[in-house]
Amino acid sequence: MDFLQQLQHFTKGEIQQGKWMIGIAVVLFPFAVFLFKTNLSLQKGIVIPVCLLMLISIAYGGYVLYSKPGHFMKTEKQYHYNPKQALDSEWQKAKSDDKSYRILKYVWGFCTIVFIILYFVFTKDYYKGLSIGFAGLFFALLLIDSFFHQRLNMYIENLQKFIN
């Protein structure tokens with residue numbers, strides 16, 4: 001498989017995950033409405049993080065759907081004119097993204113743990129719900145970034161074959 005096929009495969013995976021993110025946000029909408037209409041303060045506390053997760057999923061999923069095809073086209077053109085520069089540029093971008101994902105995994109994991117601990121610290125139901133919701137939000141972000149990072153790691157392995 002040549003570089004452009006690898007890039008196309010990687011791009012298709014990213015686009016597929018972006019679609020899934022938007023789809024999950026749409027599925028969460030009725031759940032958020034249900035939580036908002038309830039009278040239980042624990043469930044009302046969960047509404048804010050669920051809405052944030054929906055917004056983040058739609059925004060980031062939409063960004064991926066918008067930017068990845070353009071990045072593929074730009075890299076494809078660059079590869080036809082100057083293959084070495086395109087490979088170097090893609091390698092630098094991949095390594096930068098890898099570093100970002102590694103850092104974010106620790107951030108999301110730490111935030112998840114903090115909000116789980118806060119659940120046991122808080123005494124009011126609303127704040128307990130808020131802490132459960134934020135723990136779920138950060139865990140979802142950890143999962144999302146883990147899938148992106150896993151795909152990126154496979155791409156980096158394949159990209160190394162073309163760099164060396």
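The values are calculated or read from the model by the stated rules, or taken from the named source; none is laboratory data. Source: prediction; values computed, not measured. No Cβ is skipped: glycine too gets one built from the backbone with ideal geometry, and neighbour counts run over all protein chains shown. To get the accessible areas, we keep the full protein, side chains included, count just its heavy atoms, and leave off ligands, DNA and RNA. Shrake-Rupley method; radii C 1.70, N 1.55, O 1.52, S 1.80 Å.
Quick notes on this one:
- For Ile46, the solvent-accessible surface with a 1.4 Å probe is about 30 Å², rounded to the nearest 10.
- The accessible surface of the stretch 3-161, taken with every protein chain in place and a 1.4 Å probe, is 69 percent carbon and sulfur.
- When the helices of the chain are scored as -39500 (n - 2.57) per DSSP H run of n ≥ 4 and the total is divided over every residue, the value at 222 nm lands at -34500 deg cm²/dmol.
- Long-range HN-HN contacts of Thr38 with modeled amide H, under 5 Å: none
- Cα-centre dipole for the stretch 52-139 with unit charges at Cβ (Lys and Arg positive, Asp and Glu negative), debye to 20: 100 debye
- For the chain, the dipole from Cβ point charges (+1 on Lys and Arg, -1 on Asp and Glu) about the Cα centre works out to 240 debye, to the nearest 20.
- Contact order relative to length of the stretch 21-164, as percent, for alpha carbon pairs under 8 angstrom and 6 or more apart: 32 percent
- Ordered from largest to smallest accessible area (heavy atoms of protein chains, 1.4 Å probe), the residues Arg102, Arg151 come out as Arg102, Arg151.
- Gaussian network model of the chain, Cα within-10 Å springs - most flexible of Lys68, Lys12, Lys124: Lys124
- Ranking Tyr63, Tyr106, Tyr119 from most to least accessible surface, computed with a 1.4 Å probe over the protein chains only, gives Tyr106, Tyr63, Tyr119.
- The stretch 98-164-the stretch 22-84 distance, computed between alpha-carbon centres (Å): 15 Å
- Probing with 1.4 Å while keeping every protein chain in the model, the per residue accessible area of the chain equals 62 Å².
- Among the listed pairs Lys44/Lys105; Lys19/Lys161; Lys95/Lys161; Lys12/Lys74; Lys44/Lys124, those beyond 18 Å (Cα-Cα): Lys44/Lys105; Lys19/Lys161
- Think of the chain as having a plus end and a minus end, set by charges on the Cβ of Lys, Arg, Asp and Glu; of Thr38, Pro49, Ile144, Thr38 sits farthest toward the positive end of this dipole.
- Accessible-area order (highest first, 1.4 angstrom probe) of the listed residues Leu7, Leu42: Leu42, Leu7
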